[in-house]
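Only one structure is covered here, and it is reproduced in the block below.
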Amino acid sequence: MSALVLQNNALNKFSNDLLSRDNKIANELSACISEINVNLTAEIEKNKARGESITAKIEKTFIEMNKKFSTEVSIKIANKFSACLFEVNSTFTAELVRNDNELNKKLTREIAKINSRDAGYISEAQKILSMVNNVTTRLNNIEEACRNDFSNISSEFTSIKIFIEAL
């Protein structure tokens, strides 16, 4: 969540920087246009005094200045944009790495807790199985003893029956 806040803050900063850059660019444009107007007006006056046509020269000068200015502005905007994107990316990446490390630590601790509980459960299960085995062995011994006693009792009844029939 904090990575998104940081990213949002960085994007707001970037947006504000672009707005201030736009204002600065607008001011620079205005200054350049004023300079162009002054220069062109001076050239027009010179050429009027000589009786020459200035239209072609004005167009050429305007095109050259427009190309130069457009290139400078584009480079400045691209550089600022790249710097801001790099800052946003770096901040976001650092926050993601920090969050990832925290999550890994928490998960490792939880896994250790689960493993220690599992070890305790295994130990308890082994004790219970041992007790069940002991009870089963005792029941088997009691069953065997009961069979032996039943055989002895049955044999005694048979002896008594034979003795009674003989009487």
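Laboratory data are not the source of any read-out in this text; all were calculated from the coordinates shown. In this text, all values refer to a predicted model and were calculated from it rather than measured experimentally. Here the Cβ positions follow ideal geometry from the backbone for every residue, glycine too, while neighbour counts run over all protein chains shown.
Extension gain, L107 to R138: 0.36 nm times the residue separation minus the Cα-Cα distance gives 6.6 nm. The distance between label points at N66 and L167 comes to 14.3 nm (points 7 Å beyond Cα on the Cα→Cβ vector). If the segment from F157 to L40 were pulled out straight at 0.36 nm per residue, it would be longer than the present Cα-Cα gap by 27.9 nm.
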